[in-house]
Amino acid sequence: MLWRMAWRNLWRHRTRTLIMTSAVAFSYGLCLFSMGIGDDGHQQMLDQAVEGAGGDVLVHADGYWDSKSGDLVIQEGGAIVSAVQEVPGVDAAIPRMIINGLVSSASGTRPLLLQGIDTDREPALRDFAEDVDYGAYLTSSDRDDPLILGVVIVEKLDLELGDRVVLTATQPDGEITRALFHLTGIIETGFQEVDEMVGLTTLEAAQNAVAAGGMLTQVGVVMDEGLVSDTVAARIRSALGSRGGDLEVLTWQEAVPDMVGFIEVDDAFLYIYLVVIFAIVAFAIANTFLMAVMERVREFGLLNALGLRGRGVAGVLLTETFLMTALAMAIGFILGYAGHLAASHWGIPLSMYGVEDMELSGVDFASLVMRSKIIPLKWVGASVLVALVTLGSALYPAWRASRFEPAEAMRFYE
Amino acid sequence: MDGQETGTGRIEGTSATWNNGALIRLRQITRTYKEGALEVLALRGVDLDIAEGEFTALAGPSGSGKTTLLNIIGVLDKPTAGRVEVAGTDITRLDKGEAADFRLDQVGFIFQAYNLVPVLTALENAEFTLLLRGVPTAQRRATVTPLLERVGLADMMDRKPHELSGGQQQRVAVVRALATSPALILADEPTANLDSETSGGLLDLMLELNQELKTTFLFSTHDPAVIERARRVVRLLDGRVDGSSRSAGS
């Protein structure tokens, strides 16, 4: 009967209860929706950052990542790739030859970041074939010097498919070299950095261009799902043993700390925003319940006079709060889940909100379409927190209600 | 009313003492309220014994200390000084929780107004104290339903307090007070808000139950018509017992 009494008490002031319930429901729904959007956005950023970096874990010659120097190469490339591939938790070990150089045509010269890729292994991380808008992908070309360039370079060098270009770069031994390539494809990713700077060729062609047969600049590692990159990096270091002395093994977080920092800051802002919202809601509830307690002093006095102990009186109020919270959270969950489904289905392009030309760690924010992702543990955690905040906001009013002296309470309005 | 006024400050009631059946025993009860810098003496050394099964009215004008005395006997308030024993318990030593338990176990209350929990029906209000005692639903209903029928509320059990008249609400309060078979029922001006006919009916009911169930009733009033019906009248004036009288045959 106490539950029934609490439920009926809630609806004594229908409008007030509806306002309080709505406040909690909307805040909770908004909290779930914001987390869903945020987590999906972050996941997309992470995925793109990992792609941009070249893998979950990266293996280079020691010092390469900071200097990007062409003389820092992995000498026994094949052996290192094989050793890394054997490490438990490694899904794919992807060899790359990355060359910083200049590309020239009859119309001019542009800086170029040329990636020589293993066309069989690279799709484990990213499939460049999907990005080729004009011409053929590396596997479709019968030339041994194929080159795919970003659309912006192509325009600036006034190139057409089939044109010859010359790469000028430094060999690992320090000698300057030139190599001829034929433009076989053009990619348009929408990433300014890629379309303006990046070129793709086969691993063999890149190695030949800088006289680096058998050498590699980078081994990108794609790890099995659910693993932590630190763990896999440690296993790789261990597996490389003595050969690892001249190598650096970086997790993607170490490779692109800017993106990690950005996500941490973005998460912190989201949490601050939610804390502010819930602080407002908690104070509003506490205030309303306190008002309700003062309106019902005599009633609480009566309950106490009839033999309900102080904690029982507090229990009546807390039961009311519990019921209101349960109702509000049920509505809030429906709202939040509906928002999640809607965002997952339609997506929210960041470009709609004025995000233009913003790139960080290889992530083009303007191209991101935010959807929603449920991380069950976070939703459960947030729900528990919301319930605790809402119930907690009624603790002081309940304590006040439990402290009334029955004789004083009974003559409160006299 | 027949009987004799003692006119003394100390009343020995029916000459019952604690050892020979007094249910309530008050000794030198004083109660002082502080209102800012002002001290108000609500009770000034009250001695009183009430025996089991009595039907006693505390009479006196407003401010004479009737409600304060009832509150102290019902453990709703504590005296500033003095000793109170009810049903063998020194109730001045009870803490708040024990006081609530004592009220639940030993005392039934009928207040002047705001007697009922507004969101509960007449039936639920009547069985509320049984619920607090943990009595199962079926047993609660079996106890309360005949009592509600007895007081003429058989057709109104599902009504909320605002759907009942003042007299009907007081009858529900009487049933609630009786439901736990307490040693004592305290009623603070139970007829104050009722018309004379309803008031008379309520008093008849309380008298019947007193005689039939031997429940002790102690109620405050300043209504001469009610005082006339009491078996014993204790008069209070300015926080002191001003006299006591008994009707013939009591």
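Just so it is clear, none of the values below were taken in a lab; they were calculated from the coordinates. Worth saying up front: this structure is predicted, and the values here are computed from it rather than measured. Virtual Cβ from ideal backbone geometry, glycine too; neighbours counted across all protein chains shown.
Plugging the Kirkwood radius over Cα pairs into Stokes-Einstein for chain A, at a temperature of 10 °C and a viscosity of 1.306 mPa s, what D comes out in µm²/s? Rounded, D is 62 µm²/s.
List the relative contact order of chain B as a percent without decimals, with contacts defined as Cα pairs under 8 Å and 6+ residues apart.
31
Volume of the convex hull of the range A:140-182 (Cα atoms only), normalised per residue: 95 Å³. Each label point was placed 7 Å from the Cα along the Cα-to-Cβ direction; for residue A:173 and residue A:143 their separation is 2.8 nm.
In whole percents, the pair-distance distribution calculated for the range A:116-268 from its alpha-carbon pairs, binned every 5 Å from zero, is 2, 8, 14, 16, 18, 16, 13, 9, 4, 1, 0.
Taking every C-alpha pair closer than 8 Å and separated by at least 6 residues, the mean separation divided by the residue count of the range A:14-135 gives a relative contact order of 15 percent. Taking θ as phi - 60° and the Karplus parameters 6.51, -1.76 and 1.60, the scalar couplings of the range A:81-90 work out to 4, 4, 5, 5, 4, 7, 5, x, x, 8 Hz in sequence order, x denoting glycine and proline.
Computed from backbone phi, the HN-Hα couplings of the range B:170-185 come to 5, 5, 4, 5, 5, 4, 4, 5, 7, 4, 8, 6, x, 5, 8, 10 Hz, rounded to whole numbers (Karplus: 6.51 cos²θ - 1.76 cosθ + 1.60, θ = phi - 60°; Gly and Pro given as x). Between residue B:40 and residue A:374, how high is the FRET efficiency from 1/(1 + (r/R0)^6) when r is the Cβ-Cβ distance and R₀ = 56 Å? Nearest 0.05. That pair, residue B:40 with residue A:374, gives E of 0.30.
What you get for chain A, charging only the Cβ of Lys and Arg (+1) and of Asp and Glu (-1), is a dipole of about 3780 debye around the Cα centre. Within straight-line reach of residue B:160, meaning a Cα separation under 16 Å, sit the following aspartates and glutamates at least 8 residues removed in sequence or on another chain: A:299, B:124, B:127.
For the range A:133-170, run through the trypsin sites (Lys or Arg not before Pro) and keep only the ones in DSSP coil with at most 10 other Cβ atoms within 10 Å of their Cβ.
Qualifying residues, ordered by number: none.
One quarter of the surface of the convex hull around the alpha-carbon atoms of the range B:31-76 equals 4.0 nm², the direction-averaged projected area. Taking the C-alpha atoms only, the angle from helix A:310-346 to the longest principal axis of chain A is near 30 degrees.
Across the range A:79-230, the relative contact order, built from alpha-carbon pairs under 8 Å that are at least six residues apart, equals 34 percent. In this rough spin-label picture, where each label sits 7 Å from Cα along the Cβ direction, the residue A:271-residue A:326 distance is 3.1 nm. With the biggest extent put first, the Cα atoms of the range A:77-143 measure 50, 24, 19 Å across the principal axes. Under the combined filter of DSSP loop state and at most 16 neighbouring Cβ atoms within 10 Å, the range A:125-165 retains these GluC sites (Glu not before Pro): A:160.
With q set to 0.08, 0.09, 0.17 Å⁻¹, the log10 of I(q)/I(0) for chain B, from the Debye formula over equal scatterers at the Cα positions, is -0.30, -0.38, -1.32.
Efficiency by 1/(1 + (r/R0)^6): what FRET value for residue A:192 and residue A:22, r their Cβ-Cβ distance, R0 = 51 Å, to the nearest 0.05?
In this case the efficiency is close to 0.70.
Largest first, the three principal axis extents of the alpha carbons in the range A:246-346 are 82, 36, 20 Å in whole numbers.
Amide H contacts for residue B:216 (H built 1.01 Å from N in the peptide plane; partners 5 or more residues away or on another chain; cut-off under 5 Å): B:53, B:185.
Taking 16 Å as the straight-line reach from the Cα of residue B:66, the aspartates and glutamates in range (excluding those fewer than 8 positions away in the same chain) are A:408, A:414, B:47, B:49, B:77, B:188, B:189, B:223, B:238, B:242. Computed from the C-beta positions of residue A:287 and residue A:408 and an R0 of 41 Å, the FRET efficiency is 0.95 to the nearest 0.05. Given 25 °C and 0.890 mPa s, compute D for the range A:217-289 with the Stokes-Einstein relation, Rh being the Kirkwood radius over Cα pairs; round to the nearest whole µm²/s. Translational D for this selection: 153 µm²/s.
With the charge dipole of the protein assembly as shown set up from +1 on Lys and Arg Cβ and -1 on Asp and Glu Cβ about the Cα centre, the Cα lying farthest toward the positive end among the listed residues A:211, A:270, A:317 is that of A:317.
Considered as an equivalent ellipsoid built on the Cα gyration tensor, the range A:67-206 has semi-axes of 25, 19, 13 Å, the largest given first. Coupling constants for the range B:29-40 follow from the phi torsions by the Karplus curve (6.51 cos²θ - 1.76 cosθ + 1.60, θ = phi - 60°), and in residue order they are 7, 10, 9, 10, 10, 9, 10, x, 7, 8, 9, 10 Hz; glycine and proline get x.
Amide H contacts under 5 Å for residue B:43: B:31, restricted to partners 5 or more places along the chain or on a different chain, H placed in the peptide plane at 1.01 Å from N. Please compute P(r) over all alpha-carbon pairs of the range B:54-127, binned at 10 Å starting from zero, and give each bin as a whole-number percent. Each 10 Å bin holds this share of Cα pairs: 16, 42, 34, 8, 0. Along its three principal directions, the equivalent ellipsoid of the range B:185-250 from the Cα gyration tensor extends over semi-axes of 19, 16, 11 Å, largest first. Across the range B:138-180, the residues whose backbone nitrogen lies under 17 Å from the label position 7 Å along the beta-carbon direction of residue B:195 are B:164-171. With the convex hull of its Cα atoms as the shape, the range A:1-122 has an orientation-averaged projected area of 17.0 nm².
Straight-line cross-link reach from residue B:214 at under 16 Å between alpha-carbon atoms covers these aspartates and glutamates, not counting any fewer than eight positions away in the same chain: B:52, B:54, B:204. Across all C-alpha atoms in the range B:101-174, the radius of gyration and Dmax reach 11.7, 33 Å. Note on the protein assembly as shown: helix-only mean residue ellipticity at 222 nm, from DSSP H runs of 4+ residues weighted -39500 (n - 2.57) and normalised by residue number, equals -14000 deg cm²/dmol.
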